[in-house]
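S.K.: After the structure tokens below, expect a handful of questions from me.
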Amino acid sequence: MATYEYRCSRCGPFDVKLAIGTAPAAYGCPVCAGTAKRVYSSPGLALTSHTVTALHEREEQSRDVPAVVSEVPPGRRVPRRPHPALSRLPRP
């Protein structure tokens, strides 16, 4: 759905939500039922940061071509220490 802007000569501007590409050049005013002409204006686009844009692009790519992991990535191994209670157990 897209928002299209129309202007009635009696009532002023109003917005109509229609499917993309189906907006007629004239539309009936919701207040007075007169003919309103379509007004062309700039689209409402929001500027986002580079980080957010890159995140959205990566998400969209993962829908079609997901990254497949074949093994666990190498990492730093943390040495495991024995539990302190084990040292107090009787030895055979």
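The values are calculated or read from the model by the stated rules, or taken from the named source; none is laboratory data. Keep in mind it's a predicted model, so treat the numbers as computed, not measured. FYI the Cβ positions are ideal-geometry reconstructions off the backbone, even for glycines, and counts take in every protein chain you see. For the accessible areas, the whole protein counts, side chains as well, though only heavy atoms, and no ligand, DNA or RNA atoms are used. Shrake-Rupley method; radii C 1.70, N 1.55, O 1.52, S 1.80 Å.
S.K.: Just to confirm, what accessible area per residue do you get for the range 7-48 at 1.4 Å probe, in whole Å²?
M.R.: 79 Å²
S.K.: Ok, one more. Please report the carbon-and-sulfur percent of the accessible area for the chain; probe 1.4 Å, protein heavy atoms only, DNA, RNA and ligands left out.
M.R.: 57 percent
S.K.: For the range 22-92, what are Rg and Dmax over the alpha carbons, in angstrom?
M.R.: Rg then Dmax for the range 22-92, in Å: 31.7, 99.
S.K.: Also: Compute the Cα gyration tensor for the range 1-42, then decide on rounded, prolate or oblate, letting a ≥ b ≥ c be the square roots of its eigenvalues: rounded whenever a/c is under 1.5, prolate when a/b is larger than b/c in the other cases, and oblate in all that remain. List each step's numbers first, then the result.
M.R.: Details: a/c = 2.03, a/b = 1.67, b/c = 1.21.
It is prolate, given that a/c is not under 1.5 and a/b is the larger ratio.
S.K.: So what's the back-of-envelope 222 nm ellipticity for the chain, counting only DSSP H runs of four-plus at -39500 (n - 2.57) apiece and dividing by all residues, rounded to 500?
M.R.: That calculation yields -5500 deg cm²/dmol at 222 nm.
S.K.: Does anyone have the angle between helix 50-64 and the longest principal axis of the chain? Alpha-carbon axes, 0 to 90°, nearest 10?
M.R.: 80 degrees
S.K.: Charges only on Cβ, +1 for Lys and Arg, -1 for Asp and Glu: so what's the dipole of the chain about the Cα centre, in debye to the nearest 20?
M.R.: 740 debye
S.K.: On full extension of the chain, what length is gained from HIS50 through VAL16, given 0.36 nm per residue of separation minus the C-alpha to C-alpha distance? Each step should come with its number before you reach the end.
M.R.: On the way: separation 34, 0.36 × 34 = 12.24 nm, distance 3.23 nm.
Extending this stretch completely gives an extra 9.0 nm.
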